Amino acid sequence: RVRVAGGPIRVITPKPRETRGAPFGPGVEWLALEDRFAFYGGGISFIAPTGEPPAPQASDPTTPVKGPFSADFRWVTLPEGPHGPIRLTEAQAAVFDALWSFKGEPRTADQIMRRAGLDSDKPIDVFKVKARDKGKPEAEGPLFAYRALVVVQGRQGLYSMPCAAAATAARA
């Protein structure tokens, strides 16, 4: 194992016949021995990878990767929020993921819920706080995030998430 100053941990092993997924997890780059070293002039020389270095992967699952969302949409971090990183349920994450996929374009509740794979009528349904959970940050945080991030055009029945459009424009 080799750690480059400030960079990822690199594991160098002989090339396996078949590799599935990332066997060492996030933050570890796997270098095949045969692809990175060569015999040259009686010694061994390192062959540097070509192209851009891989994007750093967050080892903290709450780290914002897609706008304010974690890579899997299970966490949302709002700088103006009193809650810190907010943990979302699978259904809430699916709604935000669906809204994100529309890149900020307004869509109907039916389109969003179909893309999220949920049976509810409206996106807000999965964010409602039950009476017994009132005042609990873990229950009210997702609703706070929904209200902060989702624009609802009630008369037209449209929903959008402007931060998805901003993130898309920033990458272009």
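The values are calculated or read from the model by the stated rules, or taken from the named source; none is laboratory data. Predicted model only: the values in this text are computed from it and were never measured. So basically every Cβ, Gly included, is an ideal-geometry build from the backbone, and we count neighbours across all protein chains shown. Note: accessible area is taken over every heavy atom of the protein model, side chains too, but ligands, DNA and RNA are not part of it. Shrake-Rupley method; radii C 1.70, N 1.55, O 1.52, S 1.80 Å.
Somewhere in region 131-146, is a residue open to solvent by 50 Å² or more (accessible area, probe 1.4 Å), small (Gly, Ala, Ser) and part of a helix (DSSP H, G or I)?
yes
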In region 115-130, which residues are in a loop (DSSP other than H, G, I, E, B) and not β-branched (Val, Ile, Thr)?
Gly117, Leu118, Asp119, Ser120, Asp121, Lys122, Lys128, Lys130
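So is Phe102 open to solvent by less than 60 Å² (accessible area, probe 1.4 Å) and aromatic (Phe, Trp, Tyr) or not? If you could, list the steps in order and put the result at the bottom.
Details: open to solvent by less than 60 Å² (accessible area, probe 1.4 Å): yes; aromatic (Phe, Trp, Tyr): yes.
Yes.
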Cβ-Cβ below 7 Å, separation at least six or inter-chain, first residue in region 89-114 and farther than 21 Å from Ala167 by Cα and in a helix (DSSP H, G or I), second open to solvent by less than 70 Å² (accessible area, probe 1.4 Å) and hydrophobic (A, V, I, L, M, F, W, C): which pairs?
Ala91/Leu118; Ala91/Val126
Among Ala58, Ala71, which is the only one that is modelled with pLDDT under 85, surrounded by fewer than 18 Cβ atoms within 10 Å (Cβ to Cβ) and of a type outside the set (S, T, N, Q)?
Ala58
